[in-house]
Amino acid sequence: AENKLPEDPIPPEAIQSDEFSWLGSEIFPITSYSPETRLGLGVATWLIGEEAAGDSLGQPDSLWASAMVTQEKQYHLWVIPEVFLLRDRYRIKANLEYLKFPTLFYGIGNDTVPEAEENYTPIIWRVETEFTLNTAGGWRLGPILAFERTAIVETEPGGSLGSGGANGAPGAQGSEVTGFGMTVRFDWREHPFGPREGGLIALSLLRFRGSAPDTQFEYLQYKADLRWFFPLAEGHVLGFQSLWQHISGNAPFTSLPKLGGKLMFRGMYEGRYRDHALLAFQSEYRFP
């Protein structure tokens, strides 16, 4: 209860200190249940810090880490560090992920039907790093490097994936791709973790190349993530998000944009719909 949460004001003693100080940390259990996973158990931690000796202009360093296992022998490890250097001039963020998660595949496109459902089990190693420079006007820009390796270790007998990638599913035998590109961001949210007002513009373009046992991959990945937050009554916030993703070229089916999941359209199974282009809008009402 004594830990400082992200929205708490920074105490003067932390700003005046010459040492790095953690402003807040949370360690908590994760529990979940769904028909695809049955019971899931895990643990997560979220560390929030600040360069104390006036080195930061308000952007806190952070570290998110989680580990989870389910009754269906699914595993997910996830680490996201984000660090700001030299009075916020430089920002370094990484996304490190490993998962073995039996997943449902319905095909590619808007017209897939529930009867097309089939099971497959991928093992995915994913690494993505951003290095951005804070330029005049508050815009951040810099390079992104991404790597993803997918091994399909189990497929459903008689399904389209098990038959060698029929029905428009390249990469059904696994894939390995590397991407390099640029990102541009403008963040005027009053706080990055629990914003009450402001917004975010995040744009990126990456070129991927890679291979699979049955094909070669080369494609461009475009992404635009726009968010706005409006304060209402005390502690009440209305948030909006629009997300656009587009894949141009030959990409593995596991890299195609997916609708649903924990970030966009919560409540819809992630991957129920997937295709080369995704345009989605959502809103959220937050209150104490």
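Quick notes on this one:
- Residue check, Val184 open to solvent by less than 80 Å² (accessible area, probe 1.4 Å), touching a residue at least 24 places away in the same chain (Cβ under 8 Å) and in contact with a Leu (Cβ under 8 Å, 6 or more places away or on another chain): yes
The rows are residues; the columns are (1) under 18 Å from Asp214 (Cβ atoms); (2) of a type outside the set (A, V, I, L, M, F, W, C); (3) open to solvent by less than 70 Å² (accessible area, probe 1.4 Å).
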site	(1), (2), (3)
Arg126	no, yes, yes
Arg140	no, yes, yes
Ala146	no, no, yes
Arg149	yes, yes, no
Glu154	yes, yes, no
Gly162	yes, yes, yes
Gly171	yes, yes, yes
Val177	yes, no, yes
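- Verdict on Leu63 being of a type in the set (A, V, I, L, M, F, W, C), under 28 Å from Ile201 (Cα atoms) and more than 19 Å from the chain's Cα centre (by Cα): no
- Among (1) open to solvent by less than 20 Å² (accessible area, probe 1.4 Å); (2) modelled with pLDDT of 95 or more; (3) within 16 Å of the chain's Cα centre (by Cα), the one test that Gln241 misses: (1)
- If the condition is being in a strand (DSSP E or B) and within 15 Å of His191 (Cα to Cα), then region 212-237 contributes Arg227, Trp228, Phe229, Phe230, Pro231, Val237.
- Top-ranked residue in region 187-211 [being open to solvent by 30 Å² or more (accessible area, probe 1.4 Å) and assigned to a strand (DSSP E or B); ranked as farthest from Phe229 (Cα to Cα)]: Ser211
- Output for region 244-271, where each listed residue is in contact with a Leu (Cβ under 7 Å, 6 or more places away or on another chain), more than 16 Å from Phe208 (Cβ to Cβ) and either open to solvent by less than 20 Å² (accessible area, probe 1.4 Å) or in contact (Cβ under 8 Å) with a residue 24 or more places away in the chain (or both): Trp244, Met264, Tyr269, Gly271
The values are calculated or read from the model by the stated rules, or taken from the named source; none is laboratory data. Predicted model only: the values in this text are computed from it and were never measured. Counting neighbours? That spans all protein chains shown, and the Cβs are built from the backbone with ideal geometry, glycine included. Just the protein is used for accessible areas: all its heavy atoms, side chains included, with ligands, DNA and RNA removed. Shrake-Rupley method; radii C 1.70, N 1.55, O 1.52, S 1.80 Å.
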